[in-house]
Amino acid sequence: MTEPLLHIEQVSKRFGGFVALDGINLEVAPGERLGLIGPNGSGKSTLVNCICGTLHNEAGSVTFDGRKMDGLPAHQRTVLGLARSFQLPRPFASLSVAENLRVPLLYAVKARSGSHLSATELDERCVEYLRLVALDHKAAKRPRDLTQVEMRKLELARALAAEPKLLIADESMAGLSHSEIEDILKLLMELNGRGITIILIEHIMSAVMSFSQRLVVLVSGRKIADGNPAEVVRNPEVEKAYLG
Amino acid sequence: MQSRTFILLTLLVAAACFAAAQLVSNNYVFFAGYTVLQFIVLATAWNILGGYCGYVNFGSAAFFALGAYSTVFFYKAFPMPIPALIVIGGLVSGIVGFGMGYLTLRLRGSFFAIATLALAVVLQTLIVNWDYVGGSRGAYIIRPNTIAFAGREIPYIEYLFLLMLTLAALAIIAARTIERSRLGFGFATIRDDELAAEASGVPTLRLKLIATTISGALMGMAGAPFPYYIGYLQPQSAFALDYAVNSIAMPMIGGTASWIGPLIGAILLGTIQQVATVTISSAVNVLIVGVLLVLFVIIAPNGLVGLVQDLMRRGRP
Amino acid sequence: MDFPFELLINAIIAGVLLGGFYIAVTVGISIAFGMLDIVNIAHPAFIILGSYLAYIINASFGLDPVLVGLLMLPVFFVLGAAVYQVYYLSFEKRGQEALRGLAFFFGILFITEVALILVFGVDYRYVEAPYIGPAAHFAFIDLPFRMLIPCVLALGMFAALQLYLGRTYVGRAIMAVAQDQGALSLMAANPIRIKRIAFGISIATAAMAGAFLIIIQPVEPSVGREYIGRVFAICVLGGLGSLPGTVIAALLLGVVESITATFYGPSWAPAVSFGFLLLTLAFRPAGILGR
């Protein structure tokens, strides 16, 4: 049994009196494709924030790649190989689309020990990641010139450009057409094939079901299901959470 | 434009300014010019933290005054030539800037801004109660009439003018270098979206500390010759709110995106203020700056440089 | 050695009275900054404006300054609403409040101070009222009325505000918008209108605070600047958005300032509040009762 890549133990987070996360335990194996679903406000994004260091969890610990993440600032976690896209796209408005991808390449990838990235290699990789999400024709544009859908793709591409070991894709497919969803799924599968562990957070059930090897359900800050996707969706509690 | 070319050009322009000033028969040119140059340094320094990183510093006066008062301290304790005092002023202000940043930069930008206000008042209170540097009574600095420079005796004000000219050139070169470097790139991400920058691997705290230190140091360097310029230093004049307003207004009116904005803002507003002080009154000239700041911030948020860029863009088909 | 107990007790009592006044000064910022996330550093400027209005009307018509404050409440409310509208259209809507919004308020602070200097000069101005001067005496304890009355009235204003926020529809909408603007708009209430009302209330409190201020001490235009640090120190120390925390922090600051002024001299007083602020920001930004 290999060491899990990500190990979350009893993570809790409150905002004043409101409990956003209540003792979450989760393990993700290297190379796994995990789906994370739950109603709005169930704590999915809060969990992502705690994993990545954007928020500090009051209790519990996050271990990534054998290292305890507690206390580490978000940028260091990204350098160590943890990347995420934001649910609401947060592009760098004054930079071009291509330059947006330069940031993680310059700061996360280049900062890794043993990495040598020349200036030309950097530019090439920018273009490559843009091509993966079909945005290379807009490389010189500003984010404000992009459509909503294109901004989501940029958001995903920026997370990819950090060349992570674990990628958390937070609702990257909202608003995409059926073929675009297929494209993103194909891209994620290909990345997974290259060894990148992926946590997919989505509301589009068809995408989640076809992609995930394992499904986790979060409701009101608690994990209520964790296992084989087909079995999880038949779980009466899960049905209740979505329909009840 | 290549960096080396730019540096040479800047120094040439500076030398030309100095030569032109000497042609004017009235010494007033040097006194007024010194003030404008001082504003160029302050505005450029402020913009490194404010315009590039998006963190507002309301306490520019504190860093400026630190430079001024370290000069007063050494004047009484251990006299030194002004260039040395400039370096010391820069060091003192830089260290304080670093310390304050370390305490407050982990908080939101608005908290940082409030902390800078608080710092200015705390420092002023400390200085007012420190008798060695004159306290509230003030301190006198006796400056010689002339000084030996490049083989001649030149009036002391020309020497101060030259020093400030060099500082202004230095500040502009530094700002432009930062802007075009990886550091400046990192600053821009902090300004655009600090959370996303962190998530992308940018060490935001480290970069912000660098910005605060450089900005504070430059302001301290601008303040170091001030006691010699003014002859009599009181806390009210060193910590005057005018410095805070001007160092914010000049970059915001000129344009915060690049080094050109603070330069334009400082020259324009500095000149207007000199004219207004002489023709109307000094209180009115400062009111003008405040009104212009509010108007520009509402109507032309990208400053004069932004307006020109918009016009050029519209001109293009 | 004779420890100056009487001096200390009087300093503490004076501090409590001062703290009560500080509540009036700060409650506006608790609403604007604590609840609406608007960094209105020009708040002290509005207070000083209130003081000067109290001065003019008191000097011209002999009206009691507290009465002037009450009369000015609707005027300042409208002023506050107008300022918020400009702020919203120019900055909040464009997402530029971090840099430009701050500069905007700073400009207003500055313009107000300089304009007051130009109109009134730098001389100290004061108001006349029958309760300014006399004091109540209990043994060695002095209770100057000019401090007691603003303190009591300030607490009354605070209580009224708490009732309003807790019991009325608009009041609760304001509390809601502080927590979650999105949820409020889903309830078909217009969050922008609610914020405008809240900011109007915030500035209206400045009218009363200004009247209180000039009762307690003579004012001149730059007095506002001392209050920036005090106001934010109390707000942050008390925990943003926590009105009860504001009360505790205000009283605490008042007492510490009073003791410092009594035993170390008044020239150190500004350092107290600003020092408090820096320390709080550095070590416990959530404040005493903060979330």
Exercise. With a cut-off of at least 1 residues that are in contact with a Cys (Cβ under 9 Å, 6 or more places away or on another chain) and under 17 Å from residue B:202 (Cβ atoms), name the helices (runs of 4 or more DSSP H) lying wholly within the range A:87-177.
Key: A:97-104
Practice problem: Would you point out which residue out of A:191, A:146 is under 22 Å from residue A:214 (Cβ atoms) and modelled with pLDDT of 90 or more? | Solution: A:191
Quiz item: Picking from A:106, A:55, A:47, which residue would you name as being at pLDDT below 95 and under 14 Å from the mean Cα position of the chain (by Cα)?
Solution: A:47
Exercise. Check A:202, A:155 and return the single one that is closer than 19 Å to residue A:51 by Cβ, of a type in the set (Asp, Glu), within 14 Å of another protein chain (Cβ to nearest Cβ) and surrounded by 13 or more Cβ atoms within 10 Å (Cβ to Cβ).
Key: A:155
Quiz item: If only one of A:118, A:94 is at the interface with another protein chain (Cβ under 9 Å from one of its Cβ atoms), surrounded by fewer than 18 Cβ atoms within 10 Å (Cβ to Cβ) and closer than 19 Å to residue B:185 by Cα, which one is it?
Solution: A:94
Practice problem: Might you check whether a residue that is in contact (Cβ under 8 Å) with a residue 40 or more places away in the chain and of a type in the set (Asp, Glu) occurs anywhere in the range A:174-196? | Solution: yes
Quiz item: Given the conditions (1) under 17 Å from residue B:259 (Cα atoms); (2) within 17 Å of the chain's Cα centre (by Cα), which single one is not true for residue B:160?
Solution: (1)
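So, residue B:205, is that one hydrophobic (A, V, I, L, M, F, W, C), within 18 Å of residue B:178 (Cβ to Cβ) and surrounded by fewer than 22 Cβ atoms within 10 Å (Cβ to Cβ) or not?
Here the answer is yes, as residue B:205 does meet what is asked.
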Practice problem: Return yes or no: is residue C:84 in contact (Cβ under 8 Å) with a residue 24 or more places away in the chain, within 23 Å of residue C:196 (Cβ to Cβ) and of a type in the set (Ser, Thr, Tyr)? | Solution: yes
Self-check item: Leading residue by the ranking (nearest to the other protein chains (Cβ to nearest Cβ)) among those in the range B:127-148 that are under 25 Å from residue C:276 (Cα atoms) and crowded, with 18+ Cβ neighbours inside 10 Å
Solution: B:128
Practice problem: Go through the range B:105-126 and give me each residue that's more than 7 Å from chain C (Cβ to nearest Cβ) and surrounded by 21 or more Cβ atoms within 10 Å (Cβ to Cβ). | Solution: B:105, B:112, B:116, B:120, B:123, B:124
Quiz item: residue A:11: within 14 Å of chain C (Cβ to nearest Cβ), part of a strand (DSSP E or B) and β-branched (Val, Ile, Thr), yes or no?
Solution: no
Quiz item: Of everything in the range C:250-285 that's in contact with a Lys or Arg (Cβ under 9 Å, 6 or more places away or on another chain), surrounded by 21 or more Cβ atoms within 10 Å (Cβ to Cβ) and at the interface with another protein chain (Cβ under 7 Å from one of its Cβ atoms), which residue is modelled with the lowest pLDDT?
Solution: C:270
Self-check item: Checklist (1) in contact (Cβ under 8 Å) with a residue 24 or more places away in the chain; (2) away from every other protein chain (no Cβ under 14 Å); (3) not small (Gly, Ala, Ser) applied to residue A:107, failing item
Solution: (2)
Quiz item: Which residues, counting only those in the range B:22-61, are among the polar types (S, T, N, Q) and touching a strand residue (DSSP E or B) at 6+ places or on another chain (Cβ under 8 Å)?
Solution: B:27
Quiz item: With the range B:209-317 as the region, which helices (runs of 4 or more DSSP H) entirely inside it contain at least 3 residues that are more than 10 Å from chain C (Cβ to nearest Cβ) and on the phi < 0 side of the Ramachandran plot?
Solution: B:226-230, B:235-238, B:241-254, B:260-279, B:303-315
Self-check item: Verdict on residue A:200 being assigned to a helix (DSSP H, G or I) and in contact with a Leu (Cβ under 8 Å, 6 or more places away or on another chain)
Solution: no
Practice problem: Answer yes or no: is there a residue in the range C:134-148 that is more than 25 Å from residue C:45 (Cβ to Cβ) and part of a helix (DSSP H, G or I). | Solution: yes
Self-check item: Filter result (surrounded by 21 or more Cβ atoms within 10 Å (Cβ to Cβ), small (Gly, Ala, Ser) and either touching a strand residue (DSSP E or B) at 6+ places or on another chain (Cβ under 9 Å) or within 7 Å of chain B (Cβ to nearest Cβ) (or both)) within the range C:91-143
Solution: C:103, C:107
Exercise. Assess whether residue A:208 counts as being assigned to a helix (DSSP H, G or I) and closer than 25 Å to residue A:81 by Cα.
Key: yes
Self-check item: Flag for residue C:108 being at pLDDT 90 or above and touching a Leu at 6+ places or on another chain (Cβ under 6 Å)
Solution: no
Practice problem: Could you pull out the residue among A:115, A:85, A:94 that is over 20 Å from the mean Cα position of the chain (by Cα), at pLDDT below 95 and under 21 Å from residue A:197 (Cβ atoms)? | Solution: A:115
Quiz item: Quick check, is residue A:36 within 14 Å of residue A:218 (Cα to Cα) and either surrounded by 22 or more Cβ atoms within 10 Å (Cβ to Cβ) or touching a His at 6+ places or on another chain (Cβ under 6 Å) (or both)?
Solution: yes
Quiz prompt | Tally, over the range A:53-67, of residues that are on the phi < 0 side of the Ramachandran plot, in contact (Cβ under 8 Å) with a residue 24 or more places away in the chain and either β-branched (Val, Ile, Thr) or surrounded by 22 or more Cβ atoms within 10 Å (Cβ to Cβ) (or both) | solution = 4
Quiz prompt | Matching option when the condition is within 14 Å of chain C (Cβ to nearest Cβ), touching a residue at least 12 places away in the same chain (Cβ under 8 Å) and within 27 Å of residue A:161 (Cα to Cα), among A:89, A:30 | solution = A:89
Practice problem: For the range A:1-23, name all the residues that are more than 30 Å from residue C:242 (Cα to Cα) and of a type in the set (Val, Ile, Thr). | Solution: A:2, A:8
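The values are calculated or read from the model by the stated rules, or taken from the named source; none is laboratory data. As the structure is a prediction and not an experimental result, all values here were calculated from the model. Cβ atoms come from the backbone with ideal geometry, glycine included; neighbour counts cover every protein chain shown.
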